[in-house]
1. Pull up the cross-link candidates among the aspartates and glutamates for K47, meaning alpha carbon to alpha carbon under 17 Å and not fewer than 8 places away within one chain.
2. Which lysines does K536 reach when only Cα atoms under 29 Å apart count, and residues fewer than 8 places away in its own chain are ignored?
3. Of the GluC sites (Glu not before Pro) in the range 109-216, which ones lie in a loop per DSSP and count no more than 13 other C-beta atoms within 10 Å?
4. Where a ≥ b ≥ c are the square roots of the eigenvalues of the C-alpha gyration tensor, would you call the chain rounded, which needs a/c under 1.5, or, failing that, prolate if a/b is larger than b/c, or oblate?
5. What percent does the relative contact order of the range 101-239 come to when contacts are Cα pairs within less than 8 Å and at least six residues apart?
6. Using alpha carbon centroids, what distance separates the range 260-304 and the range 328-376, in Å?
7. Say the dipole of the chain comes from +1 at the beta carbon of Lys and Arg and -1 at that of Asp and Glu; which of G281, I426, Y331 then lies farthest toward its positive end?
8. Please identify every one of the trypsin sites (Lys or Arg not before Pro) in the range 86-178 that sits in a loop by DSSP and has no more than 15 other beta carbons within 10 Å of its own beta carbon.
Amino acid sequence: MRETTGRRRLRLAISILAFTALAAGAVVPTPAAAAGRPTPAPGATVKADRTSPTGYTVTFVYRNPHATQVRLAGDLTLLDVNTGTTRYQPEEWQPGRYHSGGTEFLRDMTRDPKGNWSVSVPLHAGGLSYWYRVWDPSQGWENKRIWDPASTNPRPPGESSFRVRNNDVLDAVSVPYAAKQNDPVLKERAAYELPVADRAKRGTVTYIPYTTILGDSGHYLGVYLPAGYDANRAQPYKVAYLAHGIFGDETDFMVPANVPNILDNMIAKGEIEPTVVVTMGNHFTGASLGFASYNQTNAANNLVQTILPLIEGSYNVSTERSGRAYAGFSYGGMTGGVVIRNYPTTFAFYGHFSGNPSLTTGDYDTIANAVGDDDLSVFLGNGVFEGNLNAQNAIADNFRARGYAAATAQVPGAHDGMTAGQLFTIFARDHLWSGVDSVSVTPASANLTTGWNWTRQFRAQVTTNEGVSPAVTWSVRRATSPDTTISAAGLLSVAATETASSLTVVATSVIDPTKSASAQVTVVPPGTARVVVKAKAAPASVVRGGTFTLHVGVRAQSPRPKAPAVTGEVAVTFGGATHVVALRDGAGVVDLPTDGLSAGVYPVHVAYSGDPVHAPTAAVHQRLRVR
């Protein structure tokens, strides 16, 4: 008994010592390391986790044996659309809360004996911004902000990036969507911001050196080329030029804003034609790391006078304003105002994300006089945690008042690259070049009679640019019966109870809803002249898997020399399937396959739908044997 009591006291003493060490902030091995299990690979590892509030947990691992302290940091605290300014930790995620910048998330990482620092947190879907803060005496780092060394995101070489020199680098982790998140916004973010599954459909990102308009070298342009980019393609690629916000650089739209992933997915879906993207660093006015190094006038001149000629001479991209777009985030969005004021005919599309152009009434008039009857599209937006859209709507109204397209939108986010990415998705998908030229429908018209369950197949022809989906949505207008419908494949079904005298069938481009075409369907009462229907298949039996060929003839019951030919169609029901065939000179041939039918005898039901002269009729005409 004494020995047992002594052991209990020893265990208690060890537990107290361990608790004291933890409370004092001592570094202890992670459970995985202590158990001898392998440490997760360096970088961000995303795993499905039923215990996570989002359905996923991300483990961040940074290897640095010389570091004395490491913290995971990022735009990973949460804001709630209902509470506004209250900040929540990742573990407190629930629907309506979104990872947002503005307050830096910080979480201590734990070191194992091999120098691997790690921490795990639950994160919601999308491309999410993070970085590390490192204390490393061997490199003279104290709270040094770095991107993840395990990241595969391309970056400019060396230390030339303004974000690196300004100690403000960012990275991104891609988190899938889980059904338990129950949020269509997050579901859509995952659909666009995660890498496209088919690697062959991923574009490339490179950084090319260039000399700015001020004559200084050592700067880089980011260039995204879509998958399958063809330098010799007959039709030059459309191109979007994207500008970062203050203290950003040419990596902003490529990494934290996830533009390459967004375009890869959009192009793979056929939602936009293959598009080139160019990003630039606008901190090149002097050696300062402050606001003054980003001069908006210099940036606008540099873009139009230096970058455009360089890109257009090096890549197969459009040199027409209709094939160029400019967009910017924050200070880059504001710079867009200088671009459109000083170079109104250079770009046909403008996107202002969380940064509005500053234009006077005179500026709007000058722009309108320069653009004239050419197209101009302006998109403005921000995050819901940045304030209302009153200013954006006022700017849009000024463009609309002069006859130009303008739109605004908000996304659930704050003033960060993730908001820029969501706004870019809307801008590119809904407001850039659609690549859809025209839509037509065949047949352009059809004449039907009432009192019968008619079907009629319509087809759409969509002319698009290369890589753009020709998909359409079908609709039928002016129908009075809820049973009059049209399928996703364009098969119109007119109910026997339909009382409308005319219907309109409409095909609308999925990619560009402004492009559509229609067909007119006239519905008139059938005639009263009775008909005789004859239907026969020979032979009357086939082996399973074979096909019967049924010949159908329809004639007036009392034919006269000048009696009109019977028109309309016949519907043949056999083995649970109905086949509709239009009559030609009162005759039709219907193939009746037997695939999937068991041996037995099946009735052949033939219905004639009637026309403006002849009355409808229906009956069983033959029984066919499947053996």
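The values are calculated or read from the model by the stated rules, or taken from the named source; none is laboratory data. Remember, it's a predicted structure, so these values are computed and weren't measured experimentally. Using ideal geometry, Cβ is built from the backbone for each residue, glycine included, and neighbour counts are taken over all protein chains shown. Accessible surface is based on the protein model in full, side chains and every heavy atom, while ligands, DNA and RNA are left aside. Shrake-Rupley method; radii C 1.70, N 1.55, O 1.52, S 1.80 Å.
1. E91
2. Partners found: K562.
3. Working: sites: E142, E159, E188, E193; in loops: E159.
Sites meeting the loop and neighbour criteria: E159.
4. Oblate.
5. Answer for the range 101-239 is 20 percent.
6. 16 Å
7. Most positive-ward Cα: I426.
8. Numbers: sites: R87, R97, R107, R111, K114, R133, K144, R145, R163, R165; in loops: K114.
Listed in order of number, the matching sites are K114.
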